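Here the structure is laid out as structure tokens; the discussion comes afterwards.
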Ligand code: MN
């Protein structure tokens, strides 16, 4: 008997966005890239069969990144983000019991992004937004995003930070293309993004903000003790936080199992953050639904822990019961 599941990092593609998606081609093999493109554009039998096979009742769909976040022309980015959100809303409307959505936002214009998030959540029935890392070298802790975080806080809409490439290829990846992408650099980039938000005091200013990270928290649950132990003696200047760094991970951050099917990191995340912070996901179609499904059914968890991780935590974070 499979546990019912909700999955949060499940991607789709719109044909007009293939040019943006092409920037990701350097990070994955040509074979996977080609295969993924077809699966991404299907909203019907193929996707539903992959969900049914492992008991996913509902997938929260998001555009495969980086999307308009790499668009140089801001007005075009704003316009295209709206269009792809309308397109996703139409697909969701065909199967509202099976699909939800994370909005795609043009972060080049923070107040437009706030308005579009509100439109997607209030009018189109989406659950939050997915942001693909930095935008033009700017991270979400930047002051220009204050209007965005204000709205996020008001809407209590979760913001999922999905990995993307850094603004430039730093020297440490020189002659190691295998490290540039999902093997390592995405983890460094995305974990650093989350830590920028913590140490900038974003969650002190917006205590209602809800952040989601994939890959069981991009290795951060393993490191929380060290952050608490070292941050006060390492910082320079006038930095003040109301709480210990780890506290924000127990109050403002949730993590998904996307692309991580390993027992020990899951137990570490539960122990460090609390079982209520952990959510099942696949990262379809870049990861195999069956592998993720078989693993979560078999990994050592109590029945209650499994129910929370597979279903109940997502239901309450995404407000699906309303
Ligand atoms: Mn993904």
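Computed quantities for the displayed model
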read-out: Flag if residue 291 is within 19 Å of residue 6 (Cα to Cα), assigned to a helix (DSSP H, G or I), within 16 Å of the ligand (Cβ to nearest atom) and without any contact (Cβ under 8 Å) to a residue 40 or more places away in the chain; value: yes
read-out: Total residues in region 14-60, condition over 19 Å from residue 107 (Cα atoms) and within 13 Å of the ligand (Cβ to nearest atom); value: 8
read-out: Only one of 17, 12 that is under 23 Å from residue 318 (Cα atoms), modelled with pLDDT of 90 or more and touching a strand residue (DSSP E or B) at 6+ places or on another chain (Cβ under 8 Å); value: 12
read-out: Single residue of region 61-80 satisfying the filter (assigned to a helix (DSSP H, G or I) and in contact with a strand residue (DSSP E or B) (Cβ under 6 Å, 6 or more places away or on another chain)) that is nearest to the ligand (Cβ to nearest atom); value: 67
read-out: Subset of region 164-180 (residues that are part of a loop (DSSP other than H, G, I, E, B), more than 16 Å from the ligand (Cβ to nearest atom) and either in contact (Cβ under 8 Å) with a residue 40 or more places away in the chain or surrounded by 13 or more Cβ atoms within 10 Å (Cβ to Cβ) (or both)); value: 166, 167, 169, 180
read-out: Qualifying residue in region 90-111 (condition: within 16 Å of the ligand (Cβ to nearest atom) and in a helix (DSSP H, G or I)); value: no
read-out: The listed residue being within 16 Å of the ligand (Cβ to nearest atom) and either surrounded by 22 or more Cβ atoms within 10 Å (Cβ to Cβ) or on the phi < 0 side of the Ramachandran plot (or both), out of 298, 194, 209, 262; value: 194
read-out: For residue 83: the one exception among (1) assigned to a helix (DSSP H, G or I); (2) more than 16 Å from the ligand (Cβ to nearest atom); (3) under 20 Å from the mean Cα position of the chain (by Cα); value: (3)
read-out: Residue tally, condition touching a helix residue (DSSP H, G or I) at 6+ places or on another chain (Cβ under 7 Å) and within 16 Å of the ligand (Cβ to nearest atom), over region 145-163; value: 4
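The values are calculated or read from the model by the stated rules, or taken from the named source; none is laboratory data. Nothing here was measured: the structure is a model prediction, and the numbers come from that model. Reconstructed Cβ throughout: ideal geometry from the backbone, glycine too, with neighbour counts over all protein chains shown.
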